[in-house]
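First comes the structure, then the notes that go with it.
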Amino acid sequence: MASKTTMRAVVFNEIGDSSVLHVSDTVPVPTAGPRQALVKLEWAGVNFIDTYLRSGLYPAALPHITGKEGAGVIVALGADVPAEYGLAVGDRVAVYSDGCAAEYVAAAADRLLRLPPTVPTRDGAALMTQGLTAWTLARDAHAVAPGETVLVQAAAGGTGGLLVQACKALGATVVGTTSSAAKAAVARGHGADHVVVYTEADVKAEVDRLTGGEGCHAVFSGVGQATFAADLACTRRKGTLVTFGNSSGPVEAFRPLELGARNVKLVRPRLDGYIATREEFVLRSGELLELVAQGKIRALVGGEYTLETLARAQDDLVGKRTTGKLLVKITP
């Protein structure tokens, strides 16, 4: 049980830019409900969804503690948490829940994943949202198969880099895109077979060259509006376009008739829809952690911040000033 009654947390009381975020040290420490666990957090992750909630693109109840993922130690368990979850006070866990940019979070027990000894708590926080997003995109949005060629936009980023690794683990040839030569080196470090620096070369022309004009079996893009036309053009006949983010703004004014030219499948998934049940969550997170244990997927941290500098972390993420995963250290 937490020994404190109040905690530090990053809160926003209104919708807006990063200036609405502030650190409060008077937030009550939550109490675990019957099917919840109280987790003392050590790390939290920074993700685009945090900015979508803060800006109003996705709805958020106000006031709102930011942060959708973290990792730490269970300090209390609700009375009705099923024994088959295998959770106990003292376990190190990764957390998928609102309110993780705080010292404590009361999270649904079915959204917790006990970390094996081989996975540090820091890596658990780095992998929960972006790692599960990347893995479910490559397994559920489009089931990547050996021998396929896939395009990953923003391949040096947190989710993009993990997607490159996931697709490589599944046997695909990966074409990645980045904005600079320096980021291209990062993407190659993730395992990308080919990298297109889109500020210097035309992505569609390079994809055509690499695929003999056929295009990619799947295109994974978290960019949104800015690349959507190129994403569709790079998808081969009967391929899959997976648009999963809005970093440049949401896709608007799209005519489904455009898919018919090559019978392209268009998917706009959210992670919650692929891990809605405890069974789905355990299956995909367990597969992910096994790949981590095998060294096939690595959490590459691109920056560490504090609760006080979390607003800057969000701005750095949106401003494309980072590579890899951004983390917030909660406890000293």
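The values are calculated or read from the model by the stated rules, or taken from the named source; none is laboratory data. Keep in mind it's a predicted model, so treat the numbers as computed, not measured. Neighbour counts are summed over all protein chains in view; Cβ atoms, including those assigned to glycine, are modelled from backbone coordinates with ideal geometry.
Condition test on Thr322, is it closer than 20 Å to Gly157 by Cβ, assigned by TED's automatic domain parsing to the domain that holds Leu115, not charged (D, E, K, R) and not in a strand (DSSP E or B)? Walk me through how you get there before you give the answer.
Values: closer than 20 Å to Gly157 by Cβ: yes; assigned by TED's automatic domain parsing to the domain that holds Leu115: yes; not charged (D, E, K, R): yes; not in a strand (DSSP E or B): yes.
Yes.
Take the residues in the stretch 271-295 that are of a type in the set (Gly, Ala, Ser) and part of a helix (DSSP H, G or I); name whichever of them is surrounded by the most Cβ atoms within 10 Å (Cβ to Cβ). Even if it seems obvious, please write down each step before you answer.
Restricting attention to the stretch 271-295, the residues satisfying the condition of being of a type in the set (Gly, Ala, Ser) are 273, 276, 285-286, 293, 295.
When the remaining residues are screened for being part of a helix (DSSP H, G or I), the result is 273, 285-286, 293.
Numbers: Gly273: 11, Ser285: 23, Gly286: 12, Ala293: 13.
By that ranking, first place goes to Ser285.
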message: Go through (1) surrounded by 14 or more Cβ atoms within 10 Å (Cβ to Cβ); (2) in the same structural domain as Lys68 (by TED's automatic domain parsing); (3) of a type in the set (Asp, Glu) for Glu308 and report which single condition fails.
response: (1)
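Matching residues to (1) touching a Cys at 6+ places or on another chain (Cβ under 9 Å); (2) of a type outside the set (Lys, Arg):
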{"position": "Thr133", "(1), (2)": "no, yes"}
{"position": "Ala138", "(1), (2)": "yes, yes"}
{"position": "Gly147", "(1), (2)": "no, yes"}
{"position": "Leu151", "(1), (2)": "yes, yes"}
{"position": "Ala156", "(1), (2)": "no, yes"}
{"position": "Val164", "(1), (2)": "no, yes"}
{"position": "Lys168", "(1), (2)": "no, no"}
{"position": "Gly171", "(1), (2)": "no, yes"}
- line: When (1) surrounded by fewer than 16 Cβ atoms within 10 Å (Cβ to Cβ); (2) touching a residue at least 40 places away in the same chain (Cβ under 8 Å); (3) charged (D, E, K, R) are applied to Arg298, the one that fails is (1)
- prompt: Among (1) in a loop (DSSP other than H, G, I, E, B); (2) over 25 Å from Thr51 (Cα atoms), which single condition is Asp98 missing?
  reply: (2)
- request: Assess whether Ala134 counts as being within 15 Å of the chain's Cα centre (by Cα) and closer than 21 Å to Arg92 by Cα.
  value: no
- request: Kindly indicate whether any position in the stretch 95-107 is surrounded by fewer than 18 Cβ atoms within 10 Å (Cβ to Cβ) and in contact with a helix residue (DSSP H, G or I) (Cβ under 7 Å, 6 or more places away or on another chain).
  value: no
Residue satisfying all of: in the stretch 101-136; modelled with pLDDT of 95 or more and part of a loop (DSSP other than H, G, I, E, B); nearest to Ala299 (Cα to Cα) among these: Ala101
